[in-house]
Amino acid sequence: MTQLQSTPAARDSLIERWAMACCDHAWPVVLGVTALALLAVAYVATHFSLNSDTEGLLSTKLPYRERAAAFDTLFSPGGDQIVVVIDGKTPELAESGAAALAARLSQRPDLFHAVERPDSGFFAREGLLYLPTAQVQRQMSQLIQAQPFLGPLAEDPSLRGLMTTLSTTLKGVASGQAKLADLQTPIAALAAAMDNVRAGRPAYFSWSGLVSGGAAAPSALRRIVLVTPVLDFSALESGAEPSDFVRKSARQLGLDPGGGVTVRLTGPIPLQDEQFGSIAHGAGLIAAMALGAILLMLWMAVRSPRLMAAILATMLIGLVAAMAFGLLIFQRFNVISVAFIPLFVGLGIDFGIQFSVRFRSEHRPGGEIRAALAATASGMGRSLVLAAAAIAVGFLAFAPTAYLGVSQLGAIAGAGMVLAVALNLTFLPALISLLRPPAGSVGAMEASLERLDGFILSKRRWVLGIAFAAAAASAALLPLLHFDFNPFHLEDTRSEAVSTSIDLMRDPDTSPNSVEAIAPSLAGADALAARARGLPEVSDARTLSSFVPTDQAPKLAAIADASELLGLSLDPIMVDPAPSDAEVVASLKQTSADLTAAQVGHAGPAAVAARRLADDLTWLAQAPPEARARADRALIPGLSTLLTQVRDALQAQPITLQSLPPKLARAWLAPDGRARVSIIPRGDSNDNAVLERFIAAVRKVDPNVTGDPVGILEGGRTIAGAFIEAGVLSFIAITLLLFLVLRRARYVAITMAPIVLTGLLTLGSCVVLGQPLNYANIIALPLLFGIGVAFHIYFVMAWRHGNAHLLQSSLTRAIFFSALATATGFGSLWASHHPGTASMGELLMISLVWTLVSALLFQPALMGAPPASD
């Protein structure tokens with residue numbers, strides 16, 4: 001392997017003298033640094049805090065966030081919510097489940113600031129007025145027709161009452177006053193339910209479906225409970241405890257698929273918690289894979305357990321020190337700044353590998369360890385310092401951006417690079433001198449690298465031409481690269497919160513992707529809503545006036561007629577006491593006999609259903625009491641729910657702006673007269689193109705709209721802009737630093753050109769592979785930039801000092817295995833269950849491949865023969 005040379009000036013450098021002083025006083029240095037590290041560990045252990053509030057990651061001074069804050073102050077002061085979606089096999093199961101769950105949650109003010117049911121109370125009583133007039137009249141007619149059936153059941157809401165009512169109706173068939181076919185629907189529905197009870201299967205019975213004579217609409221099978229949780233932002237999943245209590249309460253109440261009800265959680269809090277939870281899921285396995293890969297690459301690089309231990313100890317001490325610094329300055333990490341940990345590990349190990357591989361090549365059998373360390377510090381010291389300075393400057397360029405999460409990350413990582421290089425030139429040589437690793441070969445790569453080196457130098461123009469052509473092709477692809485601003489695309493769509501949210505998006509009445517506007521008055525809001533409704537991208541636009549139904553007079557007349565006819569029968573003065581089991585058995589036997597008699601002489605579906613139900617009732621009368629209890633649970637609670645809903649609906653009153661509930665009115669009209677407009681998108685609002693067109697169209701009506709879709713879109717643009725801004729600043733700052741140190745434009749260009757090539761090839765590959773940048777993988781770019789800057793500085797510094805054939809040197813070995821350690825270690829993120837984390841691993845792998853290609857192929861061709869003198 002080619003031995004790297006150092007210039008005479010470098011041999012007598014301050015860095016060499018410093019490293020030798022550390023070696024000469026190795027025990028005090030090692031013990032002193034270890035003591036400081038223990039203090040840092042104690043500080044981190046007692047002060048570590050993670051703020052999982054993602055709202056704080058972007059500056060609150062951004063215009064779109066100021067508009068969102070102004071809207072929230074006026075109309076949404078409660079904060080983020082958990083949206084509990086209750087779906088039932090029948091409307092009655094959904095309603096009773098939502099009522100029971102809301103009541104249970106309301107008992108825990110320590111976990112929930114507020115618990116609301118937007119479809120109860122006012123809307124349960126006045127809901128009919130929001131339906132079309134024909135539909136209201138049809139429903140009232142159906143209720144009146146069901147009065148002979150519902151009236152007796154209101155007096156005796158039990159299995160006995162149901163059997164008695166059915167027997168009474170069958171007597172009309174026997175006397176010729178009614179036809180058996182007229183009873184086919186209720187008899188068949190009861191027979192289906194009883195068949196399931198008899199077979200031991202879950203049995204569901206819809207009373208509202210029985211009254212209407214048709215299947216329930218999907219909206220009737222769903223209820224929503226909105227809860228405002230007490231959040232703990234010191235935990236990774238800030239809403240975990242309230243969410244867990246919701247799920248636990250649902251299980252205790254029997255709200256599960258076995259009971260005909262599913263309870264799902266979504267909304268801002270569950271979505272965020274699910275994201276962090278999915279990242280943590282399998283994190284142990286991924287960390288073990290990364291550690292194993294890093295250890296393997298370290299072994300292949302240095303082939304010495306003692307050197308491996310020294311590298312790892314240096315990296316860990318630096319990591320703890322950087323964590324302590326971050327906590328001292330910022331008091332707590334956020335979910336972005338905590339990513340400095342893998343950044344530090346990757347770059348800290350690189351510094352250690354560079355120093356140790358060079359030491360390994362300098363430490364020949366029979367040679368002095370001190371002399372080898374002196375030669376290593378002389379040859380690598382300036383390169384490591386310059387690389388660390390350049391990387392630190394690059395990271396610090398993130399500090400002034402509006403993306404506060406990455407701003408904090410840049411500050412901590414920048415300081416971490418200073419700590420890392422200081423430890424690698426202080427603690428690492430001192431520890432090596434104490435561990436005294438034996439001299440030995442690190443393995444030969446000369447033969448293949450010598451041929452590659454010769455090929456690159458002999459075909460230099462071809463290599464450069466291919467590189468520039470690839471750069472041009474990649475640059476041409478850049479307009480096709482896009483930033484996916486939609487956080488749903490970083491999630492597993494099979495997860496509960498995401499799949500439920502997407503489900504809600506399909507219904508304009510429940511879609512979370514509405515945008516909001518503020519008008520100076522209600523009249524102005526109505527005018528703005530009217531203009532928005534005329535846009536093809538808009539499904540609907542609502543204001544407070546939307547809650548005053550149209551055509552109320554004929555609807556109220558139909559409701560009043562039904563109330564007059566049904567009021568007393570549905571709300572009897574006295575209700576019969578609950579029957580005994582013997583009374584239930586007697587009623588079952590009687591109704592079975594009546595069904596058998598009624599179907600005699602009849603044919604067709606009605607007779608078949610009657611025979612089925614008669615057989616089921618005979619079995620039920622003879623079965624153990626538990627079977628009758630199961631039948632009662634399948635039929636009677638839903639009846640009670642329906643009767644309550646009908647009683648409420650028959651009390652509807654005229655609605656005016658003045659009669660709307662104060663809480664509802666306040667959510668749409670501020671005390672100063674300003675009014676809210678909610679505009680709902682048409683089409684699949686989870687599609688980025690649909691959402692962008694929708695927001696662009698609405699902004700033509702009102703450029704100051706706000707809401708979640710606007711926040712998602714503008715947040716994505718802010719993040720992408722922050723990285724572009726930081727990238728430009730980093731490039732300029734590193735270029736100036738290199739000019740200051742290298743003093744020649746040619747050397748600076750040779751250092752920076754491969755970095756630009758790597759960036760273009762990486763982004764071009766993303767386009768070809770269909771991998772957009774997103775909130776997750778864009779965080780990997782600082783690590784990739786730092787690694788690239790370091791590798792190319794190492795090469796240029798060695799070349800500048802007269803070293804030729806660098807591919808055959810220990811430097812190439814160090815760079816190769818450093819890149820592999822980072823690639824295999826952090827490329828394991830690709831195996832994550834979280835799509836965003838997996839995309840980060842994919843981008844890391846792509847970029848590190850191109851970093852190696854650029855460093856090992858393009859850079860030697862670009863440099864050519866070393867300069868005669870510096």
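The values are calculated or read from the model by the stated rules, or taken from the named source; none is laboratory data. In this text the structure is predicted, and so the values were computed from the model without any measurement. FYI the Cβ positions are ideal-geometry reconstructions off the backbone, even for glycines, and counts take in every protein chain you see. Side chains are part of the model used for accessible areas, which takes the heavy atoms of the whole protein and leaves out ligands, DNA and RNA. Shrake-Rupley method; radii C 1.70, N 1.55, O 1.52, S 1.80 Å.
When each of the peptides 582-590, 411-419, 784-792 is scored by the mean number of other C-beta atoms lying within 10 Å of its residues, the order from highest to lowest reads 784-792, 411-419, 582-590. Relative protection proxy for 397-403, 104-110, 701-707, 88-94, from highest mean packing down: 88-94, 397-403, 701-707, 104-110 (other beta-carbon atoms within 10 angstrom). Ligands, DNA and RNA left out, the 1.4 Å accessible surface of the chain is 63% carbon and sulfur atoms. Between E155 and A192, the modelled labels are 3.0 nm apart [label points 7 Å from Cα along Cα→Cβ]. Could you tell me how many degrees, from 0 to 90 and to the nearest 10, lie between the Cα long axis of helix 369-396 and the main elongation axis, the longest principal axis, of the Cα atoms of the chain? Taking Cα atoms only, the helix is inclined about 40 degrees. One quarter of the surface of the convex hull around the alpha-carbon atoms of segment 485-544 equals 5.3 nm², the direction-averaged projected area. In this structure segment 502-557 gives 43 Å² per residue of accessible area when probed at 1.4 Å with all protein chains present. Database remark: amide H of N334 closer than 5 angstrom to the amide H of N51 (H placed geometrically; neighbours at sequence offset of 5 or more, or on other chains; Pro and chain starts carry no H). The stretch between I502 and D72, if pulled fully straight at 0.36 nm per residue, gains 152.4 nm over its current Cα-Cα span. Extension gain for the segment Q177 to T656, taken as residue separation times 0.36 nm less the Cα-Cα distance, is 167.8 nm to one decimal.
Note that segment 705-827 presents 29 Å² accessible area per residue, ligands and nucleic acids not counted, probe 1.4 Å.
What is the distance in Å between the Cα centres of segment 631-701 and segment 300-340? Using only Cα atoms, the two centres lie 52 Å from each other. Under a 5 Å amide H cut-off, with hydrogens placed 1.01 Å from N, H113 pairs with T228, V230 among residues at least 5 apart or on other chains.
With one equal scatterer per alpha carbon and no solvent term, the Debye-computed log10 I(q)/I(0) for segment 119-165 at 0.27 1/Å reads -0.87.
For segment 427-537, the residue among A471, S458, F485 whose Cα projects farthest onto the positive side of the dipole built from Cβ charges is S458. When only Cα pairs below 8 angstrom with a gap of at least 6 residues are kept, segment 616-716 shows a relative contact order of 10 percent. Summarising the label geometry, the points placed 7 Å from Cα in the beta-carbon direction at D540 and V608 lie 4.1 nm from one another.
Here the contact order of the chain, divided by its residue count and restricted to Cα pairs under 8 Å and six or more residues apart, works out to 25 percent. With N counted as the residues of segment 252-368, its alpha-carbon radius of gyration over 2.2 N^0.38 Å works out to 1.67.
Can you give the % of DSSP beta bridges in the chain that are antiparallel, to the nearest 5? If I count the DSSP bridges inside the chain, around 85 percent turn out antiparallel.
The stretch between D684 and E368 holds 106.6 nm of extra length on full extension. This uses 0.36 nm per residue minus the Cα-Cα distance.
Computed over the alpha-carbon pairs of segment 18-82, the distance histogram in 5 Å steps reads 3, 13, 11, 12, 9, 7, 7, 7, 8, 7, 6, 6, 4, 1 percent, short to long. Per-residue packing, averaged as other Cβ atoms within 10 Å, sorts the ranges 388-394, 188-194, 58-64 into the order 388-394, 188-194, 58-64, beginning with the highest.
Computed from label points 7 Å out along Cα-Cβ, the spacing between L664 and A629 is 4.1 nm. Which distance in Å, rounded to a whole number, links the C-alpha centroids of segment 749-772 and segment 544-616? Taking the Cα centre of each part, segment 749-772 and segment 544-616 sit 72 Å apart. The three principal axes of the Cα atoms in segment 334-424 give end-to-end lengths of 56, 20, 14 Å, sorted in falling order.
Where the centre of each part is set by its Cα atoms, how far does segment 196-249 sit from segment 27-45, in angstrom? So the separation of the two Cα centres works out to 54 Å.
On the principal axes of its alpha carbon atoms, the chain extends 120, 63, 52 Å, with the longest extent given first. Quick check on segment 130-271: take the gyration tensor over C-alpha atoms, sort the square-rooted eigenvalues as a ≥ b ≥ c, and tell me if it's rounded (a/c under 1.5), prolate or oblate. Prolate, since a/c reaches 1.5 and a/b exceeds b/c. Listed by chain and number, the aspartates and glutamates whose C-alpha is less than 19 Å from the C-alpha of K459, apart from same-chain residues fewer than 8 away, are E450. For a paramagnetic label modelled on Y130 (point 7 Å from Cα along Cα→Cβ), amide N atoms under 19 Å away belong, within segment 216-240, to 216-227.
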